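*Asks:* Here it is, the structure, as structure tokens.
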Amino acid sequence: MPCAHSRSMDSDPSIHGRPATFENGQDIRDRAFDYGCSVVGFCEVLMASGGVGRLMVPQLLNCSLSFATMLEEARAAESDADFISKCCIGLKECRESWTRMRVCGRRKIGPIEDSRRLIDEGNELIAIVSAIIRNKKRNVAAKRRRLSEEKGRARVAQRQDREHEFRIPKS
């Protein structure tokens, strides 16, 4: 039985209130939101079926929804370090969700096709957010190097300017 919140349904821009775009990382946040909605639908089926699946629902919901939430918080980060930190926390939550979905898939808990789809999507999201973090760290390091080099050049220029100044000898 397919999940009530499938990827194709969640990708409808009318649900988000805005069209999909890659600007400012909106695409990854939309995908994380869609993933969270799909997990909610999967968990609804788990709750209805009872058993072990029902016991897994609270933690699966928490980590899946925290992932999307952390990416939204990263959007409003106050610094590069804050952005990286929030993305890293979101990545940990996504990995937890992905692992729990893999358990559901392996143990055939819940709709098999939905768990496969969510495992695949979770895997892709992990790869994307890992790349975002890696690229941001690389960009921050390059920015620091560039600023350090500029400061060094400014000091050298300042010293050279002083060498050409007229100085009155001390008497």
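*Asks:* Taking the Cβ of each residue in Arg31, Arg159 as the centre, tally the other Cβ atoms inside 10 Å and list the residues starting with the fewest.
*Replies:* Least crowded to most crowded, the residues run Arg159, Arg31.
*Asks:* Relative to the present Cα-Cα distance, how much length would full extension add between Arg106 and Gln59 at 0.36 nm per residue of separation?
*Replies:* 15.2 nm
*Asks:* Taking 0.36 nm per residue of sequence separation and subtracting the Cα-Cα distance, how much length would be gained by fully extending the chain between Ala76 and Asn139, in nm to one decimal?
*Replies:* Contour length minus the Cα-Cα distance gives 20.8 nm.
*Asks:* How high is the relative contact order of the stretch 7-163, in percent, counting Cα pairs under 8 Å that sit 6 or more residues apart?
*Replies:* It comes to 20 percent, rounded to a whole number.
*Asks:* Computed FRET efficiency, Cβ-Cβ of Lys92 and Ala154, R0 35 Å: what is it to the nearest 0.05?
*Replies:* Efficiency, rounded to the nearest 0.05: 0.30.
*Asks:* Still on this structure: With +1 assigned to the C-beta of every Lys and Arg and -1 to the C-beta of every Asp and Glu, and no other charges, what is the dipole magnitude of the stretch 30-135 about the Cα centre in debye, to the nearest 20?
*Replies:* The dipole of the stretch 30-135 has a size of about 620 debye.
*Asks:* Another question, then. Given axes a ≥ b ≥ c from the Cα gyration tensor, I'd like to know whether the stretch 21-87 is rounded (a/c under 1.5), prolate (a/b larger than b/c) or oblate.
*Replies:* The shape class here is oblate.
*Asks:* Regarding the stretch 31-171, what are the three Cα extents along the principal axes, ordered largest first, in Å?
*Replies:* 96, 20, 19
*Asks:* Relative contact order, percent, of the stretch 92-168 when contacts are C-alpha pairs under 8 Å separated by at least 6 residues?
*Replies:* Relative contact order for the stretch 92-168 comes out at 25 percent.
Since every read-out is calculated from the coordinates, none of them should be taken as a lab result. What you see is a predicted model; the values in this text were computed from it and never measured. Don't worry about glycine lacking a Cβ; one is built from the backbone with ideal geometry, like all the others, and counts go over all protein chains shown.
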